[in-house]
Amino acid sequence: MVKLAEWQGKVVFRKYGVPLPRGEVARTPAEAEALVRGGKVPLPCVIKAQVLAGGRGKGGAVRFANTPEEVRDAAAAILGLEFKGEKVRELLLEEKLPIARELYVSMTLDRAQRLPILITSAQGGVEIESVPDAQIDRQPVDPFPGLTGYEKRRAAKVLGLSGGPARSLGQVLDALWKTFQQEDAELVEINPLAVVGDALVALDAKVIIEDDAAFRHPEYAEVRDDRTELEEIAREKEIAFVQLDGNIGVIANGAGLTMATLDVLKELGGAPGVFLDLGGTDDPKKVTEAFLLMARARPSAVFLNIFGGITRCDTVAKGLVEAMQQVPAAERFPLVARIRGNNEAEGIALLRSAGVTAISDLRASAQAAVDAARGRA
Ligand code: GDP
Ligand code: MN
């Protein structure tokens, strides 16, 4: 998932003709002040943290300023924030517009209907998740004709627009549709789409590009995302690896078993930290790589839960034993394994001979992992 920051989303919107406020990006308070003093951004202005999380308005990450001094102070305050776990490194400064109403429009994919869908609501400016369903309108869009006059007229009606503003809405929606299609987006959202006099202006931009289309968009390769350093390495090696907050590492195969394993650990009072989904692999080389990555995340203990269906338990075990020997002494951790299925007995024997605690029962083995992690915490 390539999630663009607001200012990057607005660069894309501008290309397709979505109406936007004047704005510039700053990375220091001095830079912010200079933009205003140099007339690049008119006063009064809005100063917005460029983080990927929403709810910035409510969370103090969007501020207003009337003078260059206020701009500098607001910029300094916002750049010092850690907003929902993300450090603020960039600001977007924009002219402050007099808003009459805040509307919501977005385009996304409805996977159940297998169609793009246009979502509109007259209740803009708040997160769409908090808007009552009855106040949200959803229109599937046939991708071949694209957006037609019908959908645009219905959207105008839902949003309470007529005359000039309704025509502007038509242009905004055409531009949004083009953005959605040509950029291979999975979501394009304007919230709020502000009514300013007779005009409509996109005050916010959320653009998410579909991963599977990344090869068609080399321009997004450099976009910053929220992967950790280890997750980034894992991605390059095509290993499914996610870092959470806890201290127990989980290695399982298949998304379902991996999730269920996290749940069991949690239920027993453990804190799953990193998880690794081996999927269908039992290639010892791949298992070794994955295991070494796990070690670098410094878990207090690792719980291995493998079901050998097509995967053979003994080859997975062999890869693990080889990998364990390569882990530097300082990074070693207790390993508890539950390994069932194809060639189970051979797998268990291999693990036991390498000093791994192997237990067949799910609950008992998960408990052993929780205890092992606690012993070292
Ligand atoms: P979010 O809370 O993270 O979605 O950030 P938004 O970009 O949606 O901004 C939050 C709120 O700040 C908006 O709903 C507006 O009420 C307000 N805001 C943003 N830009 C302007 C502006 O140019 N003028 C005014 N008056 N308010 C603005
Ligand atoms: Mn918003």
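What is the Å³ per residue value for the convex hull set by the Cα atoms of the stretch 229-373? Before the final figure, lay out the partial values.
Details: hull volume 13.0 nm³, N = 145.
Hull volume normalised by residue count: 90 Å³.
Please sort 150-158, 115-123 by packing, taking for each peptide the average over its residues of neighbouring beta carbons within 10 angstrom, highest first.
Highest mean packing first, the order is 115-123, 150-158.
Treat each spin label as a single point 7 Å out from the Cα along the C-beta direction, and report the Ala53 to Asp245 distance in nm.
1.1 nm
Using the Cα centre of the chain as the reference point, and only Cβ charges (+1 on K/R, -1 on D/E), how large is the resulting charge dipole? Debye, rounded to the nearest 20.
360 debye
Just flag the trypsin sites (Lys or Arg not before Pro) in the stretch 291-377 sitting in loop per DSSP whose Cβ has no more than 12 other Cβ atoms within 10 Å.
Values: sites: Arg296, Arg312, Lys318, Arg332, Arg338, Arg340, Arg352, Arg363, Arg374, Arg376; in loops: Arg312, Arg332.
Filter output for the stretch 291-377: Arg332.
Using 1/(1 + (r/R0)^6) with R0 = 22 angstrom and r between the beta carbons of Arg114 and Gln135, what's the FRET efficiency to the nearest 0.05?
0.30
Taking 0.36 nm per residue of sequence separation and subtracting the Cα-Cα distance, how much length would be gained by fully extending the chain between Glu236 and Arg89, in nm to one decimal?
50.4 nm
Subtract the Cα-Cα distance of Leu43 and Asp211 from 0.36 nm times their separation in residues, and report this length gain in nm to one decimal.
This chain segment gains 56.6 nm when fully extended.
Per-residue counts of other Cβ atoms within 10 Å, averaged by peptide: what ranking do you get for 279-288, 196-205, 234-243, highest first? It would help to have the intermediate numbers written out before the result.
Details: 279-288: 17.4, 196-205: 19.1, 234-243: 15.8.
Ranked from most to least packed, the peptides come out as 196-205, 279-288, 234-243.
Could you work out the relative contact order of the chain, using alpha carbon pairs under 8 angstrom and six or more residues apart, expressed as a whole percent?
Numbers: 759 pairs, mean separation 48.2, N = 377.
Worked out over the chain, it gives 13 percent.
Would you mind checking the pairs Lys87/Lys157; Lys84/Lys285; Lys15/Lys237; Lys10/Lys286; Lys40/Lys87; Lys48/Lys178 and listing those with alpha carbons more than 31 angstrom apart? Mind dumping the intermediate values first?
Numbers: Lys87/Lys157 40 Å; Lys84/Lys285 37 Å; Lys15/Lys237 34 Å; Lys10/Lys286 40 Å; Lys40/Lys87 26 Å; Lys48/Lys178 26 Å.
Among Lys87/Lys157; Lys84/Lys285; Lys15/Lys237; Lys10/Lys286; Lys40/Lys87; Lys48/Lys178, the Cα-Cα distance tops 31 Å for Lys87/Lys157; Lys84/Lys285; Lys15/Lys237; Lys10/Lys286.
Count the DSSP beta bridges whose two residues both fall in the chain, then state the antiparallel fraction as a percent rounded to the nearest 5.
70 percent
Given a Förster radius of 35 Å and the C-beta distance between Ile128 and Leu268 as r, what FRET efficiency does 1/(1 + (r/R0)^6) yield to the nearest 0.05?
Values: r = 37 Å, r/R0 = 1.05.
Calculated transfer efficiency: 0.45.
Can you list the trypsin sites (Lys or Arg not before Pro) in the stretch 52-96 that are in a DSSP coil and have 14 or fewer other beta carbons within 10 angstrom?
Filter output for the stretch 52-96: Lys58, Lys84, Arg89.
Using the C-alpha atoms of the stretch 22-95, what convex hull volume per residue, in cubic angstrom, is computed?
It comes to 68 Å³ per residue, whole-number rounded.
Would you mind checking which residues have amide H under 5 Å from Val250's amide H? H placed 1.01 Å from N; only 5 or more apart, or other chain.
Gly273, Val274, Phe275, Leu276, Phe303
Highest GNM mean-square fluctuation, the chain, Cα pairs closer than 10 Å: which of Pro19, Pro218, Pro29?
Pro218
Specify the inter-centroid distance of the stretch 273-288 and the stretch 231-248, based on alpha-carbon positions, in whole Å.
Using only Cα atoms, the two centres lie 11 Å from each other.
Under the √(5λ) rule applied to the eigenvalues of the Cα gyration tensor, what semi-axes describe the equivalent ellipsoid of the chain? Give them in Å, descending.
On the way: eigenvalues 480, 127, 59 Å².
Taking √(5λ) for each eigenvalue gives 49, 25, 17 Å, largest first.
What is the Cα centroid distance between the stretch 1-80 and the stretch 129-186, reported in whole angstrom?
Using only Cα atoms to place each centre, the spacing works out to 26 Å.
Where a number appears in this text, it was derived from the coordinates with a stated rule and is not lab data. Model, not experiment: these values are computed from the prediction. Note that each Cβ is placed from the backbone with ideal geometry, even for glycine, and that neighbours are counted across all protein chains shown.
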